[in-house]
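Colleague: Input: one structure, supplied below.
The values are calculated or read from the model by the stated rules, or taken from the named source; none is laboratory data. All figures in this text were calculated on a predicted structure; none of them were measured in a lab. Only protein heavy atoms, including side chains, enter the accessible area calculation; ligands, DNA and RNA are left aside. Shrake-Rupley method; radii C 1.70, N 1.55, O 1.52, S 1.80 Å.
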Amino acid sequence: MIRSTRKVPFVAYHLFKKINNLKDTTKSDTIKTWSRASVILPSMVGFTIAVYNGKQHVPLFINDQLIGHRLGEFVPTKTFRSHKVKTSDRKAKRK
């Protein structure tokens, strides 16, 4: 769902502050965040942000194609196993 055009994009203040502090220095550290709802801004391009997926921090390199999307869109929270049915279930269905 799109946020209203009258409102500015949501970015967690602590994340925005970390990015601005890292811009001033020449280091390229990874920024850890739990804010999956934050929108990617043009000022974030070129940084690596580690987004928490509920288990671990997954690194995400920000490029210009990601601008306008949310951080949580690129870090899945659930692991996909497969659509394959277990063999024991198939044998039960045959009988």
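Colleague: For the range 10-19, enumerate the residues that are open to solvent by less than 70 Å² (accessible area, probe 1.4 Å) and assigned to a loop (DSSP other than H, G, I, E, B).
Modeller: 11, 12
Results for (1) open to solvent by 30 Å² or more (accessible area, probe 1.4 Å); (2) modelled with pLDDT under 95, shown as yes or no for each residue.
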{"position": "35", "(1), (2)": "no, yes"}
{"position": "50", "(1), (2)": "no, no"}
{"position": "68", "(1), (2)": "yes, yes"}
{"position": "73", "(1), (2)": "yes, yes"}
{"position": "80", "(1), (2)": "yes, yes"}
{"position": "83", "(1), (2)": "yes, yes"}
{"position": "88", "(1), (2)": "yes, yes"}
{"position": "92", "(1), (2)": "yes, yes"}
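Colleague: Sticking with this structure for a sec: Answer yes or no: is there a residue in the range 20-29 that is assigned to a strand (DSSP E or B) and either modelled with pLDDT of 95 or more or on the phi < 0 side of the Ramachandran plot (or both).
Modeller: The answer is no, given that none of the residues of the range 20-29 is assigned to a strand (DSSP E or B) and either modelled with pLDDT of 95 or more or on the phi < 0 side of the Ramachandran plot (or both).
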